[in-house]
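> Okay, here's the structure, questions in a sec.
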Amino acid sequence: MQALTFHEARETVLRNVREGRTLPAIEEIPLSEAAGRVLAECAAADRDFPALARSVRDGYAVRAADLPGTLEIVGEVRAGEHFQGALAPGQAIEIMTGAPIPDGADAVEMIEHTRREGTRVIIDRSAEPRQFINPKGCEAAAGEILLNAGKRLDYSDIALLAAIGRPTIQVYRRPHVAIIATGDEIVEIAEKPLAFQIRNSNAWSLAAQVARAGGRPEVLPVARDTVEETREIVAQGLSADLLLLSGGVSAGKYDIVEQVLAGFQAEFYFDRVLIQPGQPLVFGKATGKFLFGLPGNPSSTMVTFEVFARAALQLLAGEYEITLPMTLARLTRDFKHRPGITRFLPAVLSADGSELTPVKWQGSGDIPSLTRANCYLVADPDRPEYARGDLIPVLMK
């Protein structure tokens, strides 16, 4: 099977999961628990927003035709109040930001551009009709769809749902994600490993990544390097909505994951991607469930989840728009790499997000370097050299 480029592999994941996914079951939850969940219904405005024309400045509600001029102040209106009566020619009403526009007024003049003398206000400039006024319904009309199903809810969405009177909301159930680490060298994290053994860090980093992406992680027992044991645990994992296997997917003699998956009539879409870390990445489907065979080195596991498996999980959670948010920053020093593959290497982005410094990295098993980094620099496969000050893509951790 031919190795795919980073972009080809990501598009393969998105296309196949979109075409083959089944949307999760729907549940209704309190709005207080909805942040981070995926909306399973459309949410519409229950009235015009704003329901009345309102001021967007502190100042005076006036008739534009009366300006410039000296006007008689006949009242005050604050947010949460409604002025009784109507504005007559030659009059002004003191108004606060957010307050409804009184009948008869068609403009607001900012208080900074006025001068008050007793019960009168002097305004030396003209005004345009509707200036500093948000008309009724300018933000949204009653019945207008404001949020579509498939949107992962952030804090602004929660504010909107509260504003339209939704104390409960329908969301998709979180996908169940099974996580299996493979290999005889793996011991549990509470054990003291021998010199040739390593603790099971990958399963727990994946569990954290899955939870952050909106899934329900389940860490299954380590699959040892026998076909029988691996087959038994993989069978358990295929009962979940998505299966993640860590290790056992390279070309070594005892890397048996693909052999076991073939026994479940697995279909493989790719088994190698031109990236570092993470080249021996497997993506496929078995018994109707999507699965990833992630490389076993820690940074390979983390990177391949973020750029490939996370997208699949988001689609399985019911999300519609899937993006890989990246920014650009300027390198603080020269950077070189061997062309031909896309590299995701640990780096530190400055507090203001403008500068990027690569972190010293000893390879895919170097967990300490990952903890010193807050992002990954993304090196283009066709560009071997970057000079200090050059812009380079950044993927946040």
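One line per residue, one yes/no per condition, for (1) within 21 Å of Arg15 (Cα to Cα); (2) part of a helix (DSSP H, G or I):
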| residue | (1), (2) |
| --- | --- |
| Asn202 | no, yes |
| Val210 | yes, yes |
| Gly214 | yes, no |
| Gln259 | no, yes |
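Listed here are the residues, each with its yes/no results for (1) of a type in the set (Gly, Ala, Ser); (2) surrounded by fewer than 19 Cβ atoms within 10 Å (Cβ to Cβ).
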site: Ala317; (1), (2): yes, no
site: Ile322; (1), (2): no, yes
site: Gly340; (1), (2): yes, yes
site: Ala347; (1), (2): yes, no
site: Ser350; (1), (2): yes, yes
site: Val359; (1), (2): no, no
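> I'm checking my understanding of the structure. Among residues of the range 278-307 that are assigned to a loop (DSSP other than H, G, I, E, B) and out of contact with any Gly (no Cβ under 9 Å at 6 or more places or on another chain), which one is surrounded by the most Cβ atoms within 10 Å (Cβ to Cβ)? Give the steps one after another, and end with the answer.
Within the range 278-307, the subset assigned to a loop (DSSP other than H, G, I, E, B) is 278-281, 287-288, 295-297.
Adding the requirement that they be out of contact with any Gly (no Cβ under 9 Å at 6 or more places or on another chain) leaves 278-279, 287.
Numbers: Gly278: 29, Gln279: 17, Thr287: 13.
Only one residue fits best here, namely Gly278.
> Is it fair to say Arg116 is charged (D, E, K, R), in a loop (DSSP other than H, G, I, E, B) and on the phi < 0 side of the Ramachandran plot? Spell out the reasoning first.
On the way: charged (D, E, K, R): yes; in a loop (DSSP other than H, G, I, E, B): no; on the phi < 0 side of the Ramachandran plot: yes.
Against the criterion (charged (D, E, K, R), in a loop (DSSP other than H, G, I, E, B) and on the phi < 0 side of the Ramachandran plot), Arg116 does not qualify.
> Which of the residues spanning the range 9-34 are surrounded by 15 or more Cβ atoms within 10 Å (Cβ to Cβ) and of a type in the set (Gly, Ala, Ser)?
Result: Ala9, Ala34.
> Select from the range 35-63 the residues that are closer than 30 Å to Leu315 by Cα and surrounded by fewer than 18 Cβ atoms within 10 Å (Cβ to Cβ) and write down the one among them that is nearest to the chain's Cα centre (by Cα).
Here the residue is Gly36.
> Further question on the same structure: Taking the range 64-77 on its own, how many of its residues are part of a loop (DSSP other than H, G, I, E, B) and either exposed (fewer than 14 other Cβ atoms within 10 Å of the Cβ) or in contact with a Pro (Cβ under 6 Å, 6 or more places away or on another chain) (or both)?
Residues flagged as part of a loop (DSSP other than H, G, I, E, B) and either exposed (fewer than 14 other Cβ atoms within 10 Å of the Cβ) or in contact with a Pro (Cβ under 6 Å, 6 or more places away or on another chain) (or both) within the range 64-77 amount to 1.
> Turning to a different aspect of this structure: Read through the list (1) of a type in the set (Lys, Arg); (2) outside any helix (DSSP H, G or I); (3) at pLDDT 95 or above, then give the number of the only condition that Arg310 fails.
It is condition (2) that Arg310 fails.
> Output the residue which, of all residues in the range 250-267 that are in contact with an Asp or Glu (Cβ under 9 Å, 6 or more places away or on another chain) and modelled with pLDDT under 80, is nearest to Glu229 (Cα to Cα).
Ranking the candidates gives Ile256 first.
> Can you tell me which residue within the range 187-227, out of those that are out of contact with any Pro (no Cβ under 7 Å at 6 or more places or on another chain) and β-branched (Val, Ile, Thr), is modelled with the highest pLDDT?
Among those that are out of contact with any Pro (no Cβ under 7 Å at 6 or more places or on another chain) and β-branched (Val, Ile, Thr), it is Val219.
Listed here are the residues, each with its yes/no results for (1) assigned by TED's automatic domain parsing to the domain that holds Asp154; (2) at pLDDT 95 or above; (3) touching a Phe, Trp or Tyr at 6+ places or on another chain (Cβ under 7 Å).
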{"residue": "Glu11", "(1), (2), (3)": "no, yes, no"}
{"residue": "Arg18", "(1), (2), (3)": "no, yes, no"}
{"residue": "Pro30", "(1), (2), (3)": "yes, yes, no"}
{"residue": "Ala34", "(1), (2), (3)": "yes, yes, no"}
{"residue": "Ala40", "(1), (2), (3)": "yes, yes, yes"}
{"residue": "Ala43", "(1), (2), (3)": "yes, yes, no"}
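Table: residues versus (1) without any contact (Cβ under 8 Å) to a residue 40 or more places away in the chain; (2) loosely packed, with under 14 Cβ neighbours inside 10 Å; (3) among the hydrophobic types (A, V, I, L, M, F, W, C); (4) within 30 Å of Asp66 (Cα to Cα).
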site: Lys151; (1), (2), (3), (4): no, no, no, no
site: Ile158; (1), (2), (3), (4): no, no, yes, no
site: Ala178; (1), (2), (3), (4): no, no, yes, no
site: Glu191; (1), (2), (3), (4): yes, yes, no, no
site: Ala213; (1), (2), (3), (4): no, no, yes, no
site: Arg216; (1), (2), (3), (4): no, no, no, no
site: Leu220; (1), (2), (3), (4): no, no, yes, no
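> Please name all residue pairs, on different chains or six or more residues apart, with Cβ atoms under 7 Å, provided the first residue is in the range 127-143 and is under 25 Å from Thr114 (Cβ atoms) and the second residue is basic (Lys, Arg) and buried (at least 17 other Cβ atoms within 10 Å of the Cβ).
Cβ pairs passing all conditions: Phe132/Arg57; Asn134/Arg54.
The values are calculated or read from the model by the stated rules, or taken from the named source; none is laboratory data. The shown structure was predicted, so the numbers you read here are calculated from the model rather than taken from an experiment. In this analysis, Cβ positions are derived from the backbone assuming ideal geometry, glycine residues included, and neighbour counts consider all displayed protein chains.
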